[in-house]
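Read through the structure below, which is laid out as structure tokens, and then see the notes.
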Amino acid sequence: MTNPDRIDDVDALRGFALLGILLVNTMAFASAFYGLELADPAFTGIADRTVHLVIALFFEMKFYLLFSFLFGYSFTLQMRSAEKSGEAFVPRLLRRQAGLWLIGVAHAVLLFHGDILTTYAVLGIVLLMLRNRSDGALFRLAKWLVILVAVAWGALGIVATLEPTPLDRPGILAAAKATELAFRGDWQAIISQHLTELSSVWVILGLLQAPSALAMFVLGLIAGRHKTLARPEENKALFQRLLRAGLWIGLPGAIVYAYASVEMIDSPVAIIGLSIGLITGPFLTGAYVGGVMLFFGTKAGQRLRKVLAPAGRMALSNYLTQSLIAALIFHGYGLGLIGQVTPLTTVLIALGIFTAQLFTSRWWMTYFAYGPLEWVLRFITIWRAPQWRKPVGAR
């Protein structure tokens, strides 16, 4: 059975986004130093730094934006679905966001403190309130959200550079060691560490990721209104412009961000690099959208789309499964390998997980209409049990 509201390109883009998010998150699972002001002293070789540079250059600060854009785009698909079913959209959306928030809380407490689902749940309510604004008003809001958050972090970086505070290296090393020991512990120690870190993670989520994610939500809402991804032939010129803007603006900004965050990690200049990454990141994300959409128009791209789309259709299940597998590899209730795996090996692990998910997703979506967590979220959304298994004739 083919759902007419499904768009293969959107699903495939979401599958592509899963890969980028996995690569970034696995690096966070693998090292207690991820996000700190010091590099892990155990992995400071050229190969280690090169891997971190590649991840920072092409993946950090870009792929959660891609996921956010697709969330906003899918928002319009949900509106049309509610309209076709004759049901009120607002109660459905509120139930969906509540379900997403609960899943996010469980993810953050049990598996990964870097969860973004709870942020998406809250921002989805904001998007609901903005849904009737004009395209122009929404675009201006997105623009100023990106500019203001980048300027704020840039100003903080300039102040920190002009009046530097001595880096407490022993304190950072001690904190990283304590974090590593906690994540090598049992369930209680790991959950306790997650809860402890959540008290500080809100700064990153609320003052950095949330404004940028909301900006991409809004841009996705505009694109969804115009069915931009559903009409690729009509929007080739737009995709080409996005690709050029990403190459000329997004990529140079990403280079600055990557160099500052890896090679100058212990300097306040890294904050300035972050601000540059914030203001140019949406351009590189746009280039990913434009480039991938153009590639999907080729024969090779059509084959890739068929491979990625099933994973994107069950993105929520795959996202949490990625965290579960990474937790079993790096946390104490599994192999406990945190701090012991090189960055290159970490990337290979992530690629192995994603490859396995491509195969399992294709198998699963052959027989089922929804991924496991997608079914749960759909149940909460429509408040009745949706059909899970596909009819034999639709497989």
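Values in this text are rule-based calculations from the coordinates and carry no lab data. Worth saying up front: this structure is predicted, and the values here are computed from it rather than measured. Neighbour counts run over all protein chains shown; Cβ positions are idealised from the backbone, glycine included.
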For this session: For R80 and M264, compute 0.36 nm times the residue count separating them, minus their Cα-Cα distance, and round to one decimal in nm.
Result: 61.5 nm
For this session: Tabulate in residue order the Karplus-calculated ³J(HN,Hα) for the stretch 99-107, using 6.51 cos²θ - 1.76 cosθ + 1.60 with θ = phi - 60°, rounded to whole Hz; enter x for Gly and Pro.
Result: x, 5, 5, 5, 5, x, 4, 4, 4
Seminar exercise, completed: Counting sequence-distant residues (5 or more places) and residues on other chains, those with an amide H built under 5 Å from that of F368 are K390
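Over all pairs of distinct alpha carbons, what does the Kirkwood formula give as the hydrodynamic radius of the chain, in Å?
Values: mean 1/r = 0.0459 Å⁻¹.
This gives a value of 21.8 Å.
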Problem set entry | In nm, spacing of pseudo-spin labels at T196 and W383 (7 Å Cα→C-beta vector) | 4.3
For this session: Mind checking the full-extension length gain between F359 and L110? Use 0.36 nm per residue of separation minus the Cα-Cα distance, one decimal, nm.
Result: 87.0 nm
Exercise. Quick one: helix 269-296 against the long Cα principal axis of the chain, what's the angle to the nearest 10°, folded into 0 to 90?
Worked result: 30
Problem set entry | Where labels lie 7 Å past Cα in the beta-carbon direction, separation of I158 and Y367 in nm | 6.0
For this session: Can you check what the net charge comes to around L167, using other residues whose Cβ is under 15 Å from the Cβ of L167 (Lys, Arg +1; Asp, Glu -1)?
Result: -3
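Between A42 and A178, what is 0.36 nm times their sequence separation minus the Cα-Cα distance? Round to one decimal in nm. Each step should come with its number before you reach the end.
Working: separation 136, 0.36 × 136 = 48.96 nm, distance 1.57 nm.
Net length gain for the segment: 47.4 nm.
Output the relative contact order of the stretch 108-239, whole-number percent, from Cα pairs under 8 angstrom with separation of 6+ residues. Provide the component values of the computation, followed by the final result.
Values: 62 pairs, mean separation 64.1, N = 132.
Rounded, it is 49 percent for the stretch 108-239.
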Problem set entry | Karplus 3J(HN,Hα) series, Hz, for the stretch 226-240 with 6.51 cos²θ - 1.76 cosθ + 1.60 (x for Gly, Pro) | 8, 6, 4, 7, 7, 10, x, 5, 6, 10, 4, 4, 5, 4, 5
For this session: Averaging sequence separations of C-alpha pairs under 8 Å and six or more residues apart, then dividing by the length of the stretch 8-394, give the relative contact order as a whole percent.
Result: 32
